[in-house]
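Worksheet for the structure shown next.
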Amino acid sequence: MSALSSKPSLRHSVSEWLSNNQQLAATAQRERHVSHEVRQEGRTLRNETHCKTVWDEGDTSRRLSDRIWDVSRWRDVLEICAQKVDEEMEALTLSKERSELALTAASVPLEVANECLTLREGRRGYELVGDPVEAQLKQEAELIEGVQQRLQRSVDQAFEQLGVLQEVRHQLTSDLQNKMEALDIDTSCLSLTIKSPSISLKTNPTRIPSGSSSPQQWAQFSQYNVARAHEAVHVSQQMRENMSLSRAQVQNELEAQRRATEFALRKRKHHEEQAREELQWQIKTTEDEMAAMEGDIRGLDADLQAKTASLKLAHTRLEARTRRPGMDLCRDEVQHGLVAEVQQLEATIQALRQKLSDAQLSLQKMTLHHSRMRQDLSRKQEALSLEERSMQCRTRITSQSGSDRTAVPLVPLVNSSGRSNLQLLAP
């Protein structure tokens, strides 16, 4: 006991003990209050953040839905626009091919017109005339060359417009593909939930990617593509209408010129046949006259020989009577008659010789003119043959579109002598 009582120790008073107890109780109460406040605030924060998170997720889903609807709407617009562009490209290509066919078909009439002009250059003499057929053929060749230039310009413009449409189609396709990819991404994002296995934390997900655009720029980009496509389609439609109208006008012009040329050709052929028949009639009449003249010349020559024999007889008688002797050499009535007979015979022979010379000269002139007419007839036959070859050559034009052409009215032509009855195409 003495050892324990002598050990030093810290002793607290009762008041300190009470104070310590009160302090512990106060601190416990204060900490419990703080804990309660923290718990209440935590619960409030949990409720608020839960509501906020649910709201934000719902709002984000709604915005994604709205965005998907906007993108879907633009996708549909772009698809419709792309389909219209495809249809217009197909229609313009078809119109371009028709113009190319018309351009190719125009080469045949041009070849025919030039061939006809070359054929008709083979005419000779007075048959080589600058007639309306030549004028119509030259006009036809010039018209076809102008038509070819117009059709070629249309084809070139259509080719350029197809390039524009192709570029527009490529831009629409690119925009449409981007819309489809964006739509797939947004649809995938909309389907994600907090329970999706593919979600995870990402590095700096709030960064702004390079090349980002504002909603206004996004809408304006698609609006520009659609507006450009509509403008290109409108221009193409106008171009197709112009090409169709141009082809119709070209066809009408070529058809009108073809009819005018063939009418002039048939009319010229009619005139040449008329001239040939007239010349044949002149040749036949001249040959008949030449035969008659040859008969008359033979008659004149026979008469001249007969009169020469009579003159010989009279000369012989006169010469024999000069040998009468003496007074019997009398200038009697016989002598006077013989002298008169000789004078008459000499005058007759002179007249016959003059008439025979005139007849031979006339026959010579008729023979020469007959030769000229035969030569001219040969040239007319050649010219007529060339006209027929030209008309046969021009059947290559009508054979191209003969089935599409209606019947053409005919105009009968009869020459002045009534020896031919031809039919010419009306202009």
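The values are calculated or read from the model by the stated rules, or taken from the named source; none is laboratory data. It should be emphasised that the depicted structure is a prediction, and the values quoted were computed from it without experimental measurement. Using ideal geometry, Cβ is built from the backbone for each residue, glycine included, and neighbour counts are taken over all protein chains shown. Note: accessible area is taken over every heavy atom of the protein model, side chains too, but ligands, DNA and RNA are not part of it. Shrake-Rupley method; radii C 1.70, N 1.55, O 1.52, S 1.80 Å.
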Fill in the blank from the handout: Expected field for residue 159, accessible surface area in Å² at 1.4 Å probe radius, rounded to 10, holds 140
Fill in the blank from the handout: So for R0 = 45 Å, FRET eff. of residue 248-residue 198 from the Cβ-Cβ r, to 0.05, ends up at 0.10
Handout entry: Normalised convex hull volume, the range 1-155, alpha-carbon set, Å³ per residue
Key = 266
Handout entry: Under 17 Å from the residue 188 label point (7 Å along Cα→beta-carbon), backbone N, the range 49-87
Key = 64-65, 68
Fill in the blank from the handout: Percent relative contact order for the range 1-157, counting Cα pairs under 8 Å at least six residues apart, stands at 23
Completion exercise
Along the range 177-184, Karplus-curve 3J(HN,Hα) (6.51, -1.76, 1.60; θ = phi - 60°) to the nearest Hz, with x for Gly and Pro, reads 5, 4, 5, 5, 5, 4, 5, 5
Exercise for the section: State to the nearest 20 debye the size of the charge dipole of the range 163-262 about its Cα centre, where the only charges are +1 on K and R beta carbons and -1 on D and E beta carbons. Expected result: 340
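Hull surface divided by four, with the convex hull built on the Cα atoms of the range 315-400: how many nm²? Walk me through the numbers on the way to the answer.
Numbers: hull surface 33.4 nm².
Mean projected area for the range 315-400: 8.3 nm², to one decimal.
May I have the convex hull volume per residue, in Å³, for the Cα set of the range 76-123?
Spread over its residues, the Cα hull of the range 76-123 gives 30 Å³ apiece.
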Exercise for the section: In whole Å, largest first, what are the principal axis extents of the Cα atoms in the range 183-339? Expected result: 183, 26, 26
Practice task
Grab the beta carbon distance between residue 368 and residue 107, set R0 = 41 Å, and tell me the FRET efficiency rounded to 0.05.
Solution key: 0.25
Problem - Gain upon complete extension [residue 219, residue 36; 0.36 nm per residue less C-alpha separation] - result: 60.5 nm
Handout entry: Cβ charges +1 (Lys, Arg) and -1 (Asp, Glu), total dipole of the chain, debye
Key = 1100
Practice task
Give the whole-number value, in cubic angstrom per residue, of the convex hull volume spanned by the C-alpha atoms of the range 35-93.
Solution key: 42
Exercise for the section: Using R₀ = 30 Å, calculate the FRET efficiency as 1/(1 + (r/R₀)^6) where r is the Cβ-Cβ separation of residue 361 and residue 288; round to 0.05. Expected result: 0.95
Fill in the blank from the handout: Rounded to whole angstrom, the alpha-carbon centroid of the range 255-324 lies from that of the range 12-60 at a distance of 155
Fill in the blank from the handout: If unit charges are put on Cβ atoms (+1 for Lys and Arg, -1 for Asp and Glu) and the dipole of the range 232-389 is taken about its Cα centre, the option from 261, 375, 361 lying farthest towards the positive end turns out to be 261
Practice task
Would you mind estimating how fast the range 63-201 diffuses translationally, via Stokes-Einstein at 4 °C and 1.567 mPa s with the Kirkwood radius over Cα pairs, in µm²/s?
Solution key: 63
Problem - Area accessible to solvent at residue 34, 1.4 Å probe radius, in Å² - result: 70
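I need to check one value: relative contact order of the chain, counting alpha carbon pairs closer than 8 Å and at least 6 residues apart, in percent.
For the chain, the relative contact order is 24 percent.
Quick one: which of 52/202; 284/312; 84/202; 96/138 span more than 31 angstrom between C-alpha atoms?
Checking Cα-Cα distances, 284/312; 84/202 exceed 31 Å.
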Practice task
Could you work out the Rg to Rh ratio of the range 247-363, with Rh taken as the Kirkwood radius (inverse of the mean 1/r over all Cα pairs)?
Solution key: 1.64
Fill in the blank from the handout: Relative contact order in percent for the range 94-234 (Cα pairs under 8 Å, 6+ apart) equals 31
Problem - Principal-axis tilt of helix 215-321 within the chain, Cα atoms, nearest 10 degrees - result: 10
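What do you get when you divide the Cα radius of gyration of the chain by 2.2 N^0.38 Å, with N the number of residues? Walk me through the numbers on the way to the answer.
Numbers: Rg = 61.6 Å, N = 427, 2.2 N^0.38 = 22.0 Å.
Relative to the 2.2 N^0.38 Å estimate, the chain comes out at 2.80.
May I ask you to order 208-220, 184-196, 387-399 by the average number of other C-beta atoms within 10 Å around their residues, highest value first? List each step's numbers first, then the result.
Details: 208-220: 8.9, 184-196: 11.5, 387-399: 15.5.
The most tightly packed comes first, giving 387-399, 184-196, 208-220.
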Problem - Estimated vicinal HN-Hα couplings, Hz - the range 65-82 in sequence order (Karplus 6.51, -1.76, 1.60; Gly, Pro = x) - result: 4, 4, 5, 4, 5, 4, 5, 4, 4, 5, 4, 4, 4, 5, 5, 4, 5, 5
Practice task
Grab the other residues whose beta carbon is less than 14 angstrom from that of residue 67, score K and R as +1, D and E as -1, and report the net.
Solution key: -1
Problem - Positive-end residue, the chain charge dipole about Cα centroid, Cβ charges, pick of 74, 157, 105 - result: 74
Exercise for the section: Restrict the search to the range 229-261; then list the trypsin sites (Lys or Arg not before Pro) that DSSP places in a loop and that have at most 15 other Cβ atoms within 10 Å of their Cβ. Expected result: none
Problem - Mean projected area in nm² (Cα convex hull; one quarter of hull surface) for the range 226-266 - result: 2.3
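Counting only protein chains, not ligands or nucleic acids, how are 370, 234 ordered by accessible area (probe 1.4 Å), most first? Spell out each step's value before the answer.
Details: 370 30, 234 100 Å².
Ranked from most to least accessible, the order is 234, 370.
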Completion exercise
Accessible-area order for 329, 368, 143, largest to smallest, probe 1.4 angstrom, reads 368, 329, 143
Problem - Heavy-atom accessible area per residue - the range 267-366, 1.4 Å, Å² - result: 66
Handout entry: Gyration tensor (Cα) of the range 137-275, equivalent ellipsoid semi-axes in angstrom
Key = 66, 13, 10
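Quick check on packing: order 22-32, 126-136 by the mean number of other C-beta atoms within 10 Å, highest mean leading.
Values: 22-32: 10.0, 126-136: 15.7.
Going by the mean number of other Cβ atoms within 10 Å, highest first, we get 126-136, 22-32.
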